[in-house]
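The values are calculated or read from the model by the stated rules, or taken from the named source; none is laboratory data. This one's a predicted model, so the numbers in the text were calculated from it and none came from an experiment. Because the Cβ atoms are built from the backbone with ideal geometry, glycine has one as well, and the counts that use them run over all protein chains shown. Surface accessibility is based on the protein's heavy atoms, side chains included, excluding ligands, DNA and RNA. Shrake-Rupley method; radii C 1.70, N 1.55, O 1.52, S 1.80 Å.
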Amino acid sequence: MLQTAMRFSHTLLKEVILTGDTVVDATMGNGHDTAFLAQLVGLNGLVYAFDVQEQALQNTDKRLVETGLREQVRLFHQGHETIATAIPEETSLRAAIFNLGYLPKSDKQIITKPDTTEQALDALLARLESKGRIVLVVYYGHTGGEAELAMVQDYCQKLPQEIYSVLTYQFINQKNNPPILFCIERK
Ligand code: SAH
């Protein structure tokens with residue numbers, strides 16, 4: 001069966017992440033991706049995870065402690081637009097994941113936004129290793145979602161092909177705006 005965008009995001013990450021790597025969860029939420037990344041990098045690796053909601057940090061912390069993955073994760077209660085200062089410039093990153101939109105079953109007013117997402121992408125690309133990947137799963141059915149999707153699409157299309165390969169993955173015959181996945185790989 002074809003993988004959902006969410007599942008495919010994990011496939012794309014798993015293909016490149018090795019134990020000991022440093023990676024980023026730009027939108028922690030309830031910490032599903034943070035835990036997935038923490039498992040892949042192992043105790044010698046490092047996951048930087050960001051969210052603007054206190055509840056996200058609490059839920060993620062709990063999940064990590066319960067699964068024995070807390071040690072290799074640094075949780076930041078701040079937006080991913082601060083990545084440039086939160087992660088040292090000389091740190092090279094193997095991968096990053098974004099889930100753009102709002103946190104399901106939570107405050108639907110708290111959404112990711114084009115400007116801050118773009119700032120985060122700039123900072124991540126500056127630190128991305130060769131063969132490293134940035135995966136974005138873009139939910140766009142809510143108010144403001146289309147503008148963010150347009151920014152991501154435009155940003156990705158403008159990346160020079162000599163340096164990056166960019167993929168989109170999308171079910172084009174499904175109702176209710178299923179998420180669209182983008183993957184940027186540094187050559
Ligand atoms: N991957 C998560 C789901 C993330 S939903 C999971 O597995 O549960 C998107 C998240 O982005 C929300 O939790 C929201 O609070 C967060 N968010 C919104 N603006 C943000 C910003 N500027 N920086 C980081 N996170 C942000």
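Are any residues in region 18-32 part of a loop (DSSP other than H, G, I, E, B), open to solvent by less than 10 Å² (accessible area, probe 1.4 Å) and on the phi < 0 side of the Ramachandran plot, and if so, which ones?
26, 28
Within region 46-59, can one find any residue that is open to solvent by less than 10 Å² (accessible area, probe 1.4 Å), within 10 Å of the ligand (Cβ to nearest atom) and either β-branched (Val, Ile, Thr) or more than 19 Å from residue 138 (Cα to Cα) (or both)?
no
Is one or more of the residues making up region 33-48 assigned to a strand (DSSP E or B), within 13 Å of the chain's Cα centre (by Cα) and more than 17 Å from residue 184 (Cβ to Cβ)? Please lay out each step first, then the result.
So in region 33-48, the residues assigned to a strand (DSSP E or B) come out as 46-48.
With the extra rule that they be within 13 Å of the chain's Cα centre (by Cα), the set shrinks to 47-48.
Narrowing further to those that are more than 17 Å from residue 184 (Cβ to Cβ): 47-48.
Checking region 33-48: at least one residue is assigned to a strand (DSSP E or B), within 13 Å of the chain's Cα centre (by Cα) and more than 17 Å from residue 184 (Cβ to Cβ).
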